[in-house]
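Read the structure below first, then the notes.
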Amino acid sequence: MDQIKLSAHSLNLYFGQKQILKNINIDFPKNQVTSLIGPSGCGKSTLLRCFNRMHDLSSDAKIEGSIKLDDLDIYDKKNSVTEIRKRIGMVFQKPNPLPKSIYENMSYALNIHQFPKNEIQKLIESALKESYLWEEVKDELKKPAVKLSGGQQQRLCIARTTVLRPEVILMDEPCSALDPISTRKIEELIVSLKKDYTIVIVTHNMQQAQRISDKVAFMYLGELVEFGNCQDVFQNPQNELTKNYVGGHFG
Amino acid sequence: MRYFSACVFLLLTSCARDSDTIKIKGSDTEVNLAVQLAETFHSDNPEVFVSISGGGSGLGIASLLNGTADMANSSRSINSEEIVLFHKKTITIDSFIFAQDAIAFVVSDELPIDSISTKTLALVLSGTYKNWSSVTSKKMPVNIYGRQSNSGTHDFVKKKLKIAFSPHAKEMNGNAQILEAIKQDNSGIGYVGAGYVIHGGSKGLKVLTVYSGEDIAVSPLNSKMIAAGKYFFQRPLFQYYKSNSYDKVKPFLDFEKGQIGQKIIKEAGYYPVN
Amino acid sequence: MKKRLSRFLNWTILLGCTILVCLFLGIILFDIFSKGMSSLSWGFISQPPTKGMTHGGILPAITGTLWLTLITTLFAVPFGIACAIYLNEYARPSVLTSMIRASIRNLAGIPSIIYGLFGLALFVQALHLGTSVLSAGLTLGLLSLPYIITTTEEALKRIPDSMREATLALGATQFETIKDVVLPKALPGILTGVILTLSRAAGETAPILFTGVAFYINGSTTSVNQEFMALPYHLYMLSTQHQSIEQVRPLAYGTAVVLILLVFVLNIIAFYIRFKQRTQQ
Amino acid sequence: MDVKKRETTDWLLKQLFKAIGLITIVLLGGIFMMLIYNSIAFFAKVNPVDFFTGYQWDPGSVDGNYSILPLLASTGLVAAGSMLIAVPLGIFTAAFLSEFAPGKLQAVLKPVIEMLAAIPSVAIGFLGIVLVGPGIAKLFGIQNGLNALNGSVLLAVMALPTIITISEDAINAVPKTYREASLALGADKWATLFQVTLPAALPGLIAAVMLGLGRALGETMTVLMATGNASAMPGGFLDSIRTITATIAIEMGEVPYQTTHYFALFAIAAVLFLITLAINFLGEYFANSLRKFQA
């Protein structure tokens, strides 16, 4: 059995009166890629954002149940949210580099978490190399990040997250705003990151899910309908709903 | 953040020097005279600053009472209500008469009238005479250009003639504005300190001579008659100050009594106190 | 035929109104500048008034206005921005927040003379600051507060939430997000709002009438609790209170020119910042 | 680990910002309390009926009759006059700007409006004395031009920028589809403007007028310098008048604190405050209905 890194236990979420997530129980195995798929509005992005407490900001979100990172309950008041977000990084749908230079984008989080000054240069270099961005930007680190192309920006966002050496990386449809070539690059990057990080990715793209994920979770109307290995879910889905959604996309 | 706290620190430290600023407020008649006195006074002793504000005799005395002025100029003597207020706050005040002033009644030079009795003046200013035809040959509505209730000049004329001003009297907030209005309005009559008429230039204006009862008509510009105390609307100009701040205002008082001060007072069209 | 006539009529009405509005501005600027430029000289803005304020310059009035603007800035800007940050970044939609918003809108509508009264009651009397440039500056600060809050909040609103989420996702606290990302990006917008508000406050006269403006002071104001002269009051005084109005009329026009130039310079700086920020985006 | 420190500073600053946020309520409350407290002190001495029905504002007189009527009438007269001028002018200019002005012209006209708004009120008051006053005097053959008409013209000039900018927003807020629908039916630009666009923007236009009126009512220096300051009940536009704001400005300086006259000024200030509050509220109400449109 795989070792569990991140898990949700009877998780319910309400926006005001409307219930969005209904009794979600899910385990994300360590150092594997799990894809969350399902029709739009099924709550997969909302679920993803629960894992790094992104809903704290929205005023009318109410969460029941618990989420465990190893054995730490991240919604327990005494755990500091900044520490949790240091261990669980997140990459967003639209690349959102900070309005600073490439270097500052990378160094910002390191300074915030008081990493030793002398290590910062080294950490940045290795993170950029990991995200195959170092060659393209190594001699113009001072350039504003917005000047990079869409694909480069997304890779910068991924590098910015991995430089903190988190344990889990959440990705909310990271490639939906990118062209096919950049998408392929990001997918390769995700597969290479697998050895160091547990990755949870929300995607609309069936082929992408099949290419890069080990486990797949299918959600429908706020409920987790099916969860299993990538091949099983795509080749012989147990649940009727999954079959219709996934039908014709395998092979 | 550092820049901001530096600014605030600079701001607060700079409020050390207050003691040597004499704040003088009050009568609008005297404000221009006070400015000229303050100007020469400051050039003689540069370490003492003087700040002058007008607004009317009432304002001067009120500021003295409220502690926002060291010296109150007033073209009228302090009235009973004000004395009560000073007693309530247990403030004793002294007064100093630094000059005399005569109130000139001014009309447009086209108005066929040269001298006026105090009785007629009372009827015109109280609004009983609404048209100049009751006083002169010209048929024109009477337009009165007076001051607001807080002006000492307004108060002095009202008490001297024992009348209430007509509600239609325009209340200008400065002697200068009155002269300005009458220059353009040949049906206008107004009252200003004599000093203004000399300085303000009286083209298009005429100063009426005033007589009460049988004695001869006197002009406010005739310094001999003023010295003899013959002009009906002649009054001392007061400066009130708190007894306990005497030493702060003493330099300025001495300057006014001094030879240079008296010269400035004469040049400004006021009369020395003999 | 009627159609073309009514169309012509409509066109003249609309165009006529617009031209009339521009004419107002034209007349104001033409009259003031044509008669005021002649008395404008280096001496006029660098010397104190002399001879009973019938000659010399208006330096104390200029320095007085600058003192006022400085104190207004030091007081209104920090509070205004802090309040806007609270409203835009921290506040949850609640009764309290809507009350704050309602009071800001109403504070912006209160006549400036009532701010003068409040300044008199609070700063001059209650806090015993007396009639001084500090009292007047703080009163103008209160007057400017609602405008700074509204313009700052608009600038903060233009920052997309994705920026905030990016920083938060990296483990920054909310204040760090504001300090490191939101404020620096919103700074040009905030600066424009602040400068426009200050140019409006510098032109105000009513609030400073009872809180400390003086008819005449010897030199420029040097300390915070001294009384002060101010450009708008100097113009008011020269045109209504002064002893010889005809003689000082050129000086009054000169003061009006300096006041309008000061206000326009501030406005142009604000437009430049807004223009640069818009094109650079 | 100093995460605790970062977290506590974050929490502390949040409370600080919240406290500063509350200052605005305290400020409005303070102003309101000041006015009410002093007005009550005044009404303890003078019976409110005389205050609202008397005929003359003459605090200096021996029995000191304080009546707000002449001041209220003056304020109303000069504000109404200014709206008569500013509203048609402002709305038509806004219509021209948002519907008919080509882009280049708009780029020129926008700064003109903002410059007009930036001109300090005391400069406009000064022009009232030197330019508009004598002009009116010559035009109507009266002695001096310092009267309600002068005040109305100047206040109109001051209120115009507010009315134009907000009316323009209101007109632009009207959805494009309305115009297309009307044009598609063969109506020409003018019919569309007068029968469709302007009526649809009406709530916004009323909000603009309200806020313009609020600005005109609250103006002090312009009316203090240019309307003659006679405290009698105004007869018409050619009479000198004295508004509430001018009265406060003239008399507040000279009044010893805590006397009846001092409280009287707070009483008339309270009345002015309530009027502007009501007008702001109305403006707000109409502006909200406009915002509903946009949502």
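Might you let me know whether the stretch B:126-136 holds any residue that is in contact with a Lys or Arg (Cβ under 7 Å, 6 or more places away or on another chain), in contact (Cβ under 8 Å) with a residue 24 or more places away in the chain, surrounded by 20 or more Cβ atoms within 10 Å (Cβ to Cβ) and not charged (D, E, K, R)? Taking every residue of the stretch B:126-136 in turn, at least one turns out to be in contact with a Lys or Arg (Cβ under 7 Å, 6 or more places away or on another chain), in contact (Cβ under 8 Å) with a residue 24 or more places away in the chain, surrounded by 20 or more Cβ atoms within 10 Å (Cβ to Cβ) and not charged (D, E, K, R). Go through the residues of the stretch B:150-171 one by one and say whether even a single one is under 29 Å from D:A230 (Cα atoms), small (G, A, S), out of contact with any Pro (no Cβ under 8 Å at 6 or more places or on another chain) and surrounded by fewer than 21 Cβ atoms within 10 Å (Cβ to Cβ). Yes, the stretch B:150-171 has at least one match.
Of the residues making up the stretch A:94-150, those that are among the aromatic types (F, W, Y) and farther than 19 Å from A:L178 by Cβ are A:Y103, A:Y108, A:F115, A:W134.
Being over 16 Å from B:V273 (Cα atoms), of a type in the set (V, I, T) and touching a Phe, Trp or Tyr at 6+ places or on another chain (Cβ under 6 Å) is the filter here, so list the residues in the stretch B:187-239 that pass it. Of everything in the stretch B:187-239, those that are over 16 Å from B:V273 (Cα atoms), of a type in the set (V, I, T) and touching a Phe, Trp or Tyr at 6+ places or on another chain (Cβ under 6 Å) turn out to be B:V210, B:V218. Kindly indicate whether D:L71 is among the aliphatic types (A, V, I, L, M) and either within 30 Å of C:C83 (Cβ to Cβ) or not in a helix (DSSP H, G or I) (or both). No, not satisfied.
The residues listed here are C:L20, C:L70, C:L15; of these, the one that is of a type outside the set (D, E), crowded, with 16+ Cβ neighbours inside 10 Å and at the interface with another protein chain (Cβ under 8 Å from one of its Cβ atoms) is C:L70. Residues in the stretch B:20-60 that are within 7 Å of another protein chain (Cβ to nearest Cβ) and among the β-branched types (V, I, T): B:T21, B:V31, B:V35, B:V50, B:I52. Among the listed residues C:A186, C:A256, C:A252, which satisfies the condition of being modelled with pLDDT of 85 or more, under 27 Å from B:Y145 (Cβ atoms) and more than 18 Å from the chain's Cα centre (by Cα)? The unique qualifying residue is C:A252. Per the listing D:A287, D:A267, the residue uniquely over 13 Å from D:T75 (Cα atoms), of a type in the set (A, V, I, L, M, F, W, C) and at pLDDT 90 or above is D:A267. Only a single item in (1) touching a residue at least 24 places away in the same chain (Cβ under 8 Å); (2) assigned by TED's automatic domain parsing to the domain that holds D:R179 is not met by D:A107, and it is number (1).
Listed here are the residues, each with its yes/no results for (1) assigned to a helix (DSSP H, G or I); (2) at pLDDT below 90.
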| position | (1), (2) |
| --- | --- |
| A:G151 | yes, yes |
| A:L170 | no, no |
| A:L178 | no, yes |
| A:T183 | yes, yes |
| A:I201 | no, no |
| A:H204 | no, yes |
| A:Q207 | yes, yes |
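Scanning the stretch A:6-63 for residues that are more than 11 Å from A:G222 (Cβ to Cβ) and free of Cβ contacts under 8 Å to residues at least 12 places away in the same chain gives A:Q17, A:L57, A:S59. From the list C:P184, C:P78, the lone residue that is surrounded by fewer than 19 Cβ atoms within 10 Å (Cβ to Cβ) and out of contact with any helix residue (DSSP H, G or I) (no Cβ under 9 Å at 6 or more places or on another chain) is C:P184. Do we have any residue at all in the stretch D:138-145 that's over 23 Å from D:L97 (Cβ atoms), within 13 Å of chain C (Cβ to nearest Cβ) and modelled with pLDDT of 85 or more? No, the stretch D:138-145 contains no residue that is over 23 Å from D:L97 (Cβ atoms), within 13 Å of chain C (Cβ to nearest Cβ) and modelled with pLDDT of 85 or more. If you check A:I74, A:I84, A:I63 for being of a type in the set (A, V, I, L, M, F, W, C) and either more than 18 Å from the chain's Cα centre (by Cα) or modelled with pLDDT of 90 or more (or both), only one passes: A:I63.
Among the residues of the stretch B:64-91, those that are within 21 Å of C:M229 (Cβ to Cβ) and modelled with pLDDT of 85 or more comprise B:A69, B:D70, B:M71, B:A72, B:N73.
At least 1 residues being more than 9 Å from chain C (Cβ to nearest Cβ) is the threshold, and among the helices (runs of 4 or more DSSP H) wholly inside the stretch A:81-139 those reaching it are A:102-112, A:117-130, A:134-137. Reported count of residues in the stretch C:92-111, each being under 23 Å from C:I159 (Cα atoms) and either within 7 Å of another protein chain (Cβ to nearest Cβ) or assigned to a helix (DSSP H, G or I) (or both), is 8.
Just a yes or no: is a residue in the stretch A:58-75 touching a helix residue (DSSP H, G or I) at 6+ places or on another chain (Cβ under 9 Å), part of a loop (DSSP other than H, G, I, E, B) and within 23 Å of A:Q154 (Cβ to Cβ)? No, that holds for no residue. Summed over the stretch C:231-267, the residues that are out of contact with any strand residue (DSSP E or B) (no Cβ under 7 Å at 6 or more places or on another chain), hydroxyl-bearing (S, T, Y) and within 14 Å of chain B (Cβ to nearest Cβ) give a count of 4.
Residues that are hydroxyl-bearing (S, T, Y), free of Cβ contacts under 8 Å to residues at least 60 places away in the same chain and farther than 21 Å from B:K203 by Cβ within the stretch C:234-281 comprise C:Y236, C:Y272, C:T279, listed in sequence order.
If you filter the stretch C:112-133 down to residues that are assigned to a loop (DSSP other than H, G, I, E, B) and touching an Asp or Glu at 6+ places or on another chain (Cβ under 9 Å), you find that the one that is surrounded by the fewest Cβ atoms within 10 Å (Cβ to Cβ) is C:G130. Elements of the type strands (runs of 3 or more DSSP E) sitting completely within the stretch B:126-205 and holding at least 2 residues that are of a type in the set (V, I, T), modelled with pLDDT under 80 and not assigned by TED's automatic domain parsing to the domain that holds B:V107: there are none. If I ask for residues that are exposed (fewer than 13 other Cβ atoms within 10 Å of the Cβ) and either modelled with pLDDT of 85 or more or touching a His at 6+ places or on another chain (Cβ under 8 Å) (or both), which ones from the stretch B:229-245 would you list? If the condition is that a residue be exposed (fewer than 13 other Cβ atoms within 10 Å of the Cβ) and either modelled with pLDDT of 85 or more or touching a His at 6+ places or on another chain (Cβ under 8 Å) (or both), then B:S243, B:N244 are the ones that fit. The criterion of at least 3 residues that are under 26 Å from B:Q177 (Cβ atoms) and among the hydrophobic types (A, V, I, L, M, F, W, C) is met by the following helices (runs of 4 or more DSSP H) wholly inside the stretch B:17-88: B:28-44, B:57-66. All told, C:T50 meets the bar of being polar (S, T, N, Q), under 30 Å from C:V224 (Cα atoms) and free of Cβ contacts under 8 Å to residues at least 40 places away in the same chain.
Out of all the residues in the stretch A:36-51, is one or more modelled with pLDDT of 85 or more, closer than 29 Å to A:L148 by Cβ and at the interface with another protein chain (Cβ under 10 Å from one of its Cβ atoms)? Scanning the stretch A:36-51 turns up at least one residue that is modelled with pLDDT of 85 or more, closer than 29 Å to A:L148 by Cβ and at the interface with another protein chain (Cβ under 10 Å from one of its Cβ atoms). Counting only residues that are in contact with a strand residue (DSSP E or B) (Cβ under 8 Å, 6 or more places away or on another chain), touching a residue at least 60 places away in the same chain (Cβ under 8 Å) and facing chain B (nearest Cβ under 7 Å), the stretch C:215-230 holds 6 of them.
The values are calculated or read from the model by the stated rules, or taken from the named source; none is laboratory data. Quantities reported herein were computed from a predicted structural model and do not represent experimental measurements. Here Cβ is always computed from backbone atoms with ideal geometry, including for glycine, and neighbour counts include all displayed protein chains.
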